[in-house]
Amino acid sequence: MFGSVLNYVTLRLLGEGPNDGDGAMDKGHDWILNHGSATMITSWGKMWLSVLGVFEWSGNNPMPPEMWLLPYLLPVHPGRMWCHCRMVYLPMSYLYGKRFVGPITPTVLSLRKELFAAPYHEIDWNQARNLCAKFPRCVAQKTKIQNVIALADDDIINAKLTVPLGAAEGLEDLYYPHPLVQDALWALLDKIAEQVLMHWPGKKLREKALHTAMEHIHYEDENSRYICIGPVNKVLNTLCCWVEDPNSESFKLHLPRINTGLPLGC
């Protein structure tokens, strides 16, 4: 679902119409709706769709930037995460904290209709927070790849790779189901903590957290000379710099590093 939705959205943003591509767009659209619609996309997909304006931020599980204000000695401090993990969730927490949404264009409004089985304003976004595409395991088992290799004198003399028709149907986005404790914690953050942090006086703490998160983003940018640790946070950091100030020097320094930064980051 993650790849299907984002590829479909990308093609639409690049100018492809819902019925273009010799039927390919129609097939992609039908596949998305037949598998539960874009509400079943993974958390990263939910974040990107929210930034675009075709998904509500309330349909995301909390990514509070206040985590960066915690004492480093605590084991839950983001700084203790694996480097690629924390460098991705750092800018994500900034965008989440600001609830940033891009311009609502006619294409965005059209995508709100195309990606969901129900009218956009009737979607239960609270339920969508924990939805993730998961197909029957019996289907996934039928898609096992059979690889038969015969070796003789250390040379491969015969190799066969068979992927059954419809193998893609067996792929799952939900690699690991959420434990009940995790869902309960997210619900607590969403229903109580976020309500406090989005309004005065809690909003003062949110502003401080956003400032701290942005300081970490700038440090990463300057330390890596705007290449960043990987292509994912390169794009996210660039976006955050633009959100902070479209005319900022940091955003301008990001732009010439896109062509070199993405291949090097990969």
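The values are calculated or read from the model by the stated rules, or taken from the named source; none is laboratory data. All values derive from a computational prediction rather than experimental measurement. Note: ideal-geometry Cβ built from the backbone for every residue, glycine included; neighbour counts use all protein chains shown. Heads up: the accessible areas ignore ligands, DNA and RNA and are worked out on the full protein's heavy atoms, side chains in. Shrake-Rupley method; radii C 1.70, N 1.55, O 1.52, S 1.80 Å.
Quick notes
- Put Arg225, Arg99 in order of accessible area, highest first, and with a 1.4 Å probe you get Arg225, Arg99.
- Atom-type composition of the exposed protein surface of the range 52-95 places 70 percent of the accessible area on carbon and sulfur (1.4 angstrom probe).
- Cα gyration tensor shape for the range 94-138, rounded if a/c is under 1.5, else prolate or oblate: oblate
- Solvent exposure of the range 1-91 as accessible area per residue, Å², 1.4 Å probe: 47 Å²
- Protection proxy ranking of 112-118, 183-189, 15-21, by the mean of other Cβ atoms within 10 Å over each peptide's residues and highest first, is 112-118, 183-189, 15-21.
- The range 1-43 pair-distance distribution - Cα-Cα, 10 Å bins, rounded %: 31, 57, 12, 0
- Computed with a 1.4 Å probe over protein heavy atoms only, the accessible area of Lys204 comes to about 120 Å².
- Fraction of accessible area attributable to carbon and sulfur, the range 208-264 (%, probe 1.4 Å): 58 percent
- Of Lys204/Lys234; Lys203/Lys252; Lys46/Lys203; Lys46/Lys113; Lys27/Lys113, those spanning more than 18 Å from alpha-carbon to alpha-carbon: Lys204/Lys234; Lys203/Lys252; Lys46/Lys203
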